[in-house]
Amino acid sequence: MPPTADSRPRSDERVVAPLGRRACEVTDNRQTGGYRIFSALDAAGPEPRAGQFYMLAAAEHWGTRSGRPYLPRAFSVAEAEVTDGGVRLDFLVEDVGPGTERLASLRQGERLWVTGPLGRPFSHTSELNSEAAGAILVGGGIGLAPLAILRRQLADRGVAIRTLLGFRDQEHSGGVDELFGCCEVRMASEDGHVGHRGYVTELLAVLLEGDAARSAAVYACGPPAMLETVRALCLERDVDAELAMETPMACGFGACMGCAVPLADGGYMRLCRDGPVVNAAEIETALVRGSGH
Amino acid sequence: MDLAVQLAGLDLEHPVLNGSGTFDVIAARRAFGDALLAEFPFSMFVSKTITPEPRAGNPPPRLIETPAGMINSIGLPNKGLEGFLAADLPVLGELPVPLCVSVMGTSHGEFERLVEGVAGRDEVVALELNISCPNVESGLIVGEQAPETLSLLQALRPITQKPLIVKLTPNVADPASIARAAEEGGADAVSLINTLKATAIDTRTLGPWHGAGRGGLSGPAIHHVALEQVRAVAGAVSVPVIGMGGIESGADALSFLAAGAAAVAVGTANFRDPLAGSRIRAELETALAEAGVGSISDLPARTAPSTST
């Protein structure tokens, strides 16, 4: 069934968050290419669904210099593993502003305020497209993070997966070995340092050529321009697709109404409540002003 | 410690409310489940502002972080009066605390329709009048003009016996004069401050950051401006004052109570910590004890707010 303007994701099996924020201990923080992976042990938390996110803030030294950062930051979880002491949550961060700078500097033993898991997760492949032969994962830059946990959760259900990852250049790349080391990945880079020289969406366009399109279910996360290309490509070819998006967001639980994303049929959704995973057909555009910062 | 307060005839378990539009219990219940109801952070819930017709809200971006705060430009998205009464009010009626509904119209007629529609419902114990909007008949912002405020209250007061709480804007030279007009018109309480008008520039485009051009500043950045306005207003009226503006801690809340507020509201802090209200209430108890105040009713400024003009 082709997507229509009023399509909504087929499932909404969101995991409900424990009430309020909780302090979690940072257990690891290591470099991966131009990014860092940091981990926190969530003693109380449930195991999240792929696509869900957490609001994060360092418990100490958050906003002590020049009053920023003030608000917590929304982070899709990259991987979650149930361990003896709770759930280990992995996040991928690139230092681009006062919030990410502080999170990237977290040391083992520091405390992190965590609220979540929040929001709507990725749908199961069979719910996204009942005729799907498999899933295509498309990640751009640090947007590969939620696709890592998605890949594992889909593989656990026996879904056949093809993964396409793209990066701007070597400095703006990372996490592939750590998060996708297990599996075959096709790469693209704008500077040609790895894989296809060009955009990851060009790899997607090739995959979606011909009859393969109808049996595809696409999951994408990356910068707004990439997501918009994926959205347009999938709509044009009647391919079911879900996009994990981001916008400026103050609270993450529906209170501030700041994270407006325009809907295809008019009005706005609150990305924290009705996303961050959206059906490509339900939004007007993935190029939302203010996002991607 | 007994933190109970009386506010415009309402008995509240403690003095910590939420600011209108800073907590959506329906969305929060979806994120956190029914645990939210068992540990509800506020002693009265103030709804987001309802307008007569549905509103989609402003185009993005709607917010930006600032030093110690944020600038929002949300644009009052809501389902409109009919949608609110049908879809939201029954759910809000299940809350474990009293419900105050915030309304905003652009004419006396619109306000009258809203107050008539909301005040008759049993789930609603009080109404907040958001007057930071233009009256299309005069072209003036109601809350910036004492005569406009007085005449609006005179039009609405006969409609309901339920408490009318007037939400004051800080974007005036003399908020006390607006508060006095509200009181003269029959308001049961005033609440302040709303956000301070603010602008952020996108330095790449050199245009405004917000989709709607400008917004309102909130958070700790406005705390002491709010405190001064609450002090000035509490000294000018005899109706109770609900104080808000950058409250992040029990000590902040106590500052407002000491400045003359009968109750306080938590706004932007909710975004950082969904249970900020509960934490601030607990810290307030400690802060009162440390200040040597045995009971919240012993706060001198609270008991005689109108005597020091």
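For this structure, a couple of remarks:
- Number of the condition not met by residue A:252 [criteria: (1) in contact with a strand residue (DSSP E or B) (Cβ under 8 Å, 6 or more places away or on another chain); (2) away from chain B (no Cβ under 11 Å); (3) closer than 26 Å to residue A:153 by Cα]: (2)
- Selection of first residues in the stretch B:50-71 that are within 9 Å of chain A (Cβ to nearest Cβ) and over 21 Å from residue B:270 (Cβ atoms) and of second residues that are of a type in the set (S, T, N, Q) and in a strand (DSSP E or B), restricted to Cβ pairs under 7 Å at least 6 apart or on distinct chains, gives the following pairs, ordered by first then second residue: B:54/B:78.
- Residue within the stretch A:81-94 that is within 11 Å of chain B (Cβ to nearest Cβ), surrounded by 22 or more Cβ atoms within 10 Å (Cβ to Cβ) and more than 18 Å from residue A:277 (Cβ to Cβ) present: no
Let's see how each residue does on (1) touching a Lys or Arg at 6+ places or on another chain (Cβ under 6 Å); (2) within 14 Å of chain A (Cβ to nearest Cβ):
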site	(1), (2)
B:3	no, no
B:16	yes, no
B:24	no, yes
B:42	no, yes
B:45	no, yes
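So that you can scan it fast, the table gives a plain yes or no per residue for (1) modelled with pLDDT under 95; (2) within 13 Å of chain B (Cβ to nearest Cβ); (3) outside any strand (DSSP E or B):
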residue: A:203; (1), (2), (3): no, no, yes
residue: A:278; (1), (2), (3): no, no, no
residue: A:285; (1), (2), (3): no, yes, yes
residue: A:289; (1), (2), (3): yes, yes, yes
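- Filtering A:146, A:121 for residues that are within 11 Å of the chain's Cα centre (by Cα), crowded, with 21+ Cβ neighbours inside 10 Å, touching a residue at least 60 places away in the same chain (Cβ under 8 Å) and within 14 Å of another protein chain (Cβ to nearest Cβ) leaves a single hit, A:121.
- Each residue in the stretch B:50-100 was checked for being among the hydroxyl-bearing types (Ser, Thr, Tyr) and part of a strand (DSSP E or B), and 1 of them qualify.
- Search result, residues across the stretch B:258-276 that are over 19 Å from residue A:116 (Cβ atoms), in contact with a strand residue (DSSP E or B) (Cβ under 7 Å, 6 or more places away or on another chain) and either in a helix (DSSP H, G or I) or within 13 Å of chain A (Cβ to nearest Cβ) (or both): B:266, B:267, B:268
- Within the stretch B:174-209, restricting attention to residues that are outside any loop (DSSP other than H, G, I, E, B) and farther than 26 Å from residue B:146 by Cα, the residue that is farthest from the other protein chains (Cβ to nearest Cβ) is B:201.
- If you go through the stretch B:210-236 and keep only what is in a loop (DSSP other than H, G, I, E, B) and either surrounded by fewer than 24 Cβ atoms within 10 Å (Cβ to Cβ) or on the phi > 0 side of the Ramachandran plot (or both), you end up with B:211, B:212, B:213, B:214, B:219, B:235, B:236.
- Remark: residue B:227 falls outside the filter, which requires a residue to be within 12 Å of another protein chain (Cβ to nearest Cβ), under 21 Å from residue B:69 (Cα atoms) and not β-branched (Val, Ile, Thr).
- Some residue of the stretch A:227-243 being on the phi < 0 side of the Ramachandran plot, within 14 Å of another protein chain (Cβ to nearest Cβ) and within 15 Å of the chain's Cα centre (by Cα): no
- Scanning the stretch B:30-40 for residues that are part of a helix (DSSP H, G or I) and at the interface with another protein chain (Cβ under 9 Å from one of its Cβ atoms) yields a count of 6.
- When residues of the stretch A:66-80 are limited to those that are small (Gly, Ala, Ser) and away from chain B (no Cβ under 14 Å), the one surrounded by the most Cβ atoms within 10 Å (Cβ to Cβ): A:76
- Any hit, the stretch A:96-116, residues being under 18 Å from residue A:274 (Cα atoms) and within 10 Å of chain B (Cβ to nearest Cβ): yes
- Residues (out of contact with any Lys or Arg (no Cβ under 7 Å at 6 or more places or on another chain), more than 25 Å from residue A:173 (Cα to Cα) and at pLDDT 95 or above) located in the stretch A:30-47: A:42, A:43, A:46, A:47
- Within the stretch B:140-165, the only residue that satisfies the criterion of being surrounded by fewer than 21 Cβ atoms within 10 Å (Cβ to Cβ) and in contact (Cβ under 8 Å) with a residue 60 or more places away in the chain is B:163.
- A single entry from B:105, B:75 fulfils the requirement of being within 14 Å of chain A (Cβ to nearest Cβ), over 27 Å from residue B:12 (Cα atoms) and out of contact with any strand residue (DSSP E or B) (no Cβ under 6 Å at 6 or more places or on another chain): B:75.
The values are calculated or read from the model by the stated rules, or taken from the named source; none is laboratory data. This one's a predicted model, so the numbers in the text were calculated from it and none came from an experiment. Methodologically, a virtual Cβ is constructed for each residue, glycine included, from the backbone with ideal geometry; neighbour enumeration extends over all protein chains shown.
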